[in-house]
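The values are calculated or read from the model by the stated rules, or taken from the named source; none is laboratory data. Remember, predicted model here, so these are calculated numbers, not experimental data. So basically every Cβ, Gly included, is an ideal-geometry build from the backbone, and we count neighbours across all protein chains shown. These area figures cover heavy atoms from the full protein model, side chains too; ligands, DNA and RNA do not enter into them. Shrake-Rupley method; radii C 1.70, N 1.55, O 1.52, S 1.80 Å.
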Amino acid sequence: MLMVDLIKAKRDGGVLNKEEITFIVSEYIKGKIPDYQVSALLMAIYFKGLNKEETLDLTLAMKDSGDVLDLSGIKGVKVDKHSTGGVGDKTTLVLAPMVASIGVPVAKMSGRGLGHTGGTIDKLESIRGFRTDLGEREFIANVNNIGIALMGQTKDLAPADKKLYALRDVTATVDNMSLIASSVMSKKLAAGSDGIVLDVTCGSGAFMKNYEDAKALAEEMVSIGKMSKKKTIAVISDMNEPLGRAVGNALEVREAVNALKGQGEEDLLTLCYELGSYMVMMAGICETKEEGKERLKEAIGDGRAYDKFEEFVKAQGGDADFIDSEDFIKTSIKGDLIAEEEGYISSINCEDVGNASLLLGGGRRSKEDSIDPSVGLVLNKKLGDPVKKGESIATLYANDSCKYNEGLERLKGAFKYSERPFVKEKLIKGIVE
Ligand code: URA
């Protein structure tokens, strides 16, 4: 088979068969097809798309490019959760211990930040001593002993997705529905859970900017899940402003801990209860969504969810007390973005907010960059809030004055104001079952 023929076929709107897709994926990870040819193919896919069958074939070829985890050693129904990416999205930090505290076994693999979006592994690593590089045995033992373990994606799990994602990131081919669906689902199928709850984000901070595209992505992923005999459901959630107020690794961990202690931001908790209720239903713990939400609220209210978080952090070598200490968020520079006009916040470019945090030092400009866990920003105003001239819109944390100025400049451009009160959209926009 000649790669150039396959590129030409896709460029001209043709359909690739299973054998051709498997050939591309397996030869690419062996290093037998160069990046420039795969880049050309990705761009052809970006413009011509993949049909359902091609998307499924690509998903399965990427899943089978490495190990498929065997979680049969864990008792109970294992339910995984995945978000298609957002800004200030700390749901996993709240959701995982919360559902674990009422009996859902959580064996979760998470990723690092990508572009303007944050990653759970980077967030957890801001906790002193916390280890995300568990081996498979320790991972399974922790779930059996305390009901929860979380680790970074190993290099052996869907390695084709890892390699292709890195290439998509630098060839402007990330925000394509079929490529996102196959990327997410290849990892989820390889991670070995019995059920999958997807959070498909939609808006200025998400890869899918409008509801129709987000719904199509959700349907595509749910159908791949079903065809692979995994219970799968997707919640479509709004990402036109960051979730909660904090954006930045340690800042988000502290906000998540506050939520686990019962002082959570409303949007963050609403999304966690929504996703969590589907997780507990899939795990067979509750019959209805309402009952699920009630049980989860009780777990927050009586402290079980936070206790589970503490237990989980300790089991992975971390120091949960450190999160409450001053040193956890200690930066040499702290300043505010001040409103220069009066009105109501009518738009927040969430991608700019994520990039402001990245520029402050909280994300990676290139793959090799290290990140500064303490830096980031906290929004003092969100969509629809009234603002007076001179008020603080956000507080920024940095350790380098050049980075501070870059971050502040980017953040400034993220806000728009209206004279009239502004009503924001619903957080939960739809469910695809
Ligand atoms: N998250 C993923 O895992 N893959 C994508 O392609 C986009 C978001």
**OP:** Quickly work out the Val77-to-Asp302 label distance, labels modelled 7 Å from Cα along the C-beta direction, and quote it in nm with one decimal.
**Re:** 2.3
Subject >> Distance between modelled label sites at Ser26 and Lys155, nm, 7 Å Cα→Cβ extension >> reply: 2.2
Original post:
So what is the diffusion coefficient of the range 3-49 in µm² per second by Stokes-Einstein at 37 °C and 0.692 mPa s, using a Kirkwood Rh over Cα pairs?
Top reply: 311
Subject >> Rotationally averaged projected area of the chain (alpha carbon convex hull; nm²) >> reply: 20.2
Original post:
Which value in Å does the Kirkwood hydrodynamic radius of the range 251-340 take, with 1/r averaged over all unlike C-alpha pairs and then inverted?
Top reply: 15.0
Original post:
Of Ile285, Ser101, Ser178, which is farthest along the charge dipole of the chain in the positive direction, counting Lys and Arg as +1 and Asp and Glu as -1 at C-beta?
Top reply: Ser178
**OP:** Grab the Cα-Cα distance for Val68 and Asn405, subtract it from 0.36 nm times how many residues apart they are, and report the gain in nm with one decimal.
**Re:** 116.8 nm
Subject >> Inter-label distance for Glu294 and Ser392, nm, one decimal - labels placed 7 Å from Cα along Cα-to-Cβ >> reply: 4.1
Original post:
Counting DSSP beta bridges with both partners in the chain, what percentage is antiparallel, nearest 5?
Top reply: 55
Subject >> Linear extension gain, Asp35 paired with Asn51, 0.36 nm per residue minus alpha-carbon span >> reply: 3.4 nm
Subject >> the chain - accessible surface per residue (Å², probe 1.4 Å) >> reply: 41
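With r as the distance between the Cβ atoms of Ile431 and Glu287 and R0 = 22 Å, compute the FRET efficiency 1/(1 + (r/R0)^6) and round to 0.05.
Details: r = 17 Å, r/R0 = 0.77.
Working from the Cβ atoms, E equals 0.85.
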Subject >> Backbone N within the range 26-60 under 19 Å of label point (7 Å from Asp12 Cα along the Cβ vector) >> reply: 40-51
Original post:
Would you list Arg168, Arg128, Arg420 from the most to the least accessible area, probe 1.4 Å?
Top reply: Arg420, Arg128, Arg168
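Assign one of three labels to the range 79-323, namely rounded, prolate or oblate, based on the Cα gyration tensor with a ≥ b ≥ c the square roots of its eigenvalues; rounded applies when a/c is under 1.5, prolate when it is not and a/b is larger than b/c, and oblate otherwise.
Details: a/c = 1.33, a/b = 1.26, b/c = 1.05.
Because its axes are fairly even, with a/c under 1.5, the range 79-323 counts as rounded.
Arrange the peptides 82-90, 175-183 so that the one whose residues have, on average, the most other Cβ atoms within 10 Å appears first. Write down the numbers at each step before the final one.
On the way: 82-90: 27.1, 175-183: 22.9.
Answer by packing, highest mean first, reads 82-90, 175-183.
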**OP:** Distance from a point 7 Å along Cα→Cβ of Ala166 to each backbone N in the range 1-32: keep the residues under 18 Å and list them by number.
**Re:** 25-32
Original post:
How large are Rg and Dmax for the range 333-418 when only the alpha carbon atoms are used, in Å?
Top reply: 12.9, 42
Original post:
Within the accessible area of the chain, what % is carbon and sulfur when the probe is 1.4 Å and the other protein chains stay in place?
Top reply: 49
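Which entries of Lys289/Lys330; Lys209/Lys308; Lys162/Lys381; Lys81/Lys261; Lys8/Lys81 have Cα-Cα distances beyond 30 Å here?
Details: Lys289/Lys330 40 Å; Lys209/Lys308 35 Å; Lys162/Lys381 36 Å; Lys81/Lys261 22 Å; Lys8/Lys81 37 Å.
Exceeds cut-off: Lys289/Lys330; Lys209/Lys308; Lys162/Lys381; Lys8/Lys81.
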